[in-house]
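Trainee: The structure follows.
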Amino acid sequence: MIPTGSSLKTAQVQAVQQPSRTWHLDFDRGRVSGMVDELDAVRQAVFKILQTERFRYLIYSFNYGHELDGMVGVSPLFVQSEAARIIREALMTDDRIRGVENVSVEINGDAMLINFTVISVFGSFQDSQEVIR
């Protein structure tokens with residue numbers, strides 16, 4: 001029998017901005033040391049994303065990390081356009097990041113240095129990523 005006489009009610013769903021507060025990871029000493037919030041938390045997230053190779057670690061979703069390691073040794077013209085896309089794609093998965101601008105790529109033999117500016121909801125900062133074969 002199919003029930004009759006009632007209907008489903010729709011509920012309004014609102015997206016809520018989650019707090020940016022997270023543990024501060026001291027990578028030099030290998031310790032968790034306090035808390036960070038806002039721009040410092042975004043800076044730490046950018047560092048972690050760019051230190052993680054995409055698809056390599058099962059603990060992370062397939063959207064987390066970067067694919068820059070395959071760029072070393074490829075045609076410099078191809079690397080310049082693809083590295084910018086890969087950096088943007090990796091960082092834009094974080095909803096606190098609004099954009100990635102001023103991406104420049106310097107290639108020196110088997111190494112490349114990527115400089116960029118991260119625009120977040122808390123402000124902006126410059127960062128870089130070095131990839132060595």
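Trainee: Which residue, A90, A15, A41, tops the fluctuation ranking in a GNM of the chain built on C-alpha contacts under 10 Å?
Mentor: With Cα springs under 10 Å in the chain, the top fluctuation among A90, A15, A41 is at A15.
Trainee: Fewest Cβ neighbours within 10 Å first, please rank K9, K48 accordingly. If you can, show how the numbers build up before the last one.
Mentor: Numbers: K9 5, K48 15.
Ranking K9, K48 by Cβ neighbours within 10 Å, fewest first, gives K9, K48.
Trainee: Between E53 and residues 5 or more places away or on another chain, which pairs have amide H atoms under 5 Å apart, with H built 1.01 Å from N, and which residues are they?
Mentor: H66
Trainee: Quote the relative contact order of the chain in percent (integer), defining contacts as alpha-carbon pairs under 8 Å separated by 6+ residues.
Mentor: Relative contact order of the chain: 16 percent.
Trainee: Among V16, V118, V103, determine the one that fluctuates most according to a GNM of the chain built with springs between C-alpha atoms less than 10 Å apart.
Mentor: V16
Trainee: Calculate for the chain the 222 nm mean residue ellipticity that helices alone would give, adding -39,500 (n - 2.57) per DSSP H run of length 4 or more and normalising by residue count, nearest 500 deg cm²/dmol.
Mentor: About -7000 deg cm²/dmol.
Trainee: Obtain the nm distance between the two label points defined at V121 and T93 by a simple spin-label model: each point lies 7 Å from its Cα along the Cα-to-C-beta direction.
Mentor: Distance between label points: 1.9 nm.
Trainee: Step through the residues of region 124-130 one at a time and calculate ³J(HN,Hα) from phi using the Karplus curve (6.51 cos²θ - 1.76 cosθ + 1.60, θ = phi - 60°), rounding each to whole Hz and writing x for Gly and Pro.
Mentor: So the J values, rounded to whole Hz, are 10, 7, 9, 8, 8, 9, 9.
Trainee: Helix 76-91 versus the longest principal axis of the chain: what is the Cα-based angle in degrees, 0 to 90, to the nearest 10?
Mentor: Approximately 30 degrees, to the nearest 10.
Only the coordinates and a few stated rules stand behind these numbers; no lab work does. Quantities reported herein were computed from a predicted structural model and do not represent experimental measurements. Neighbour counts run over all protein chains shown; Cβ positions are idealised from the backbone, glycine included.
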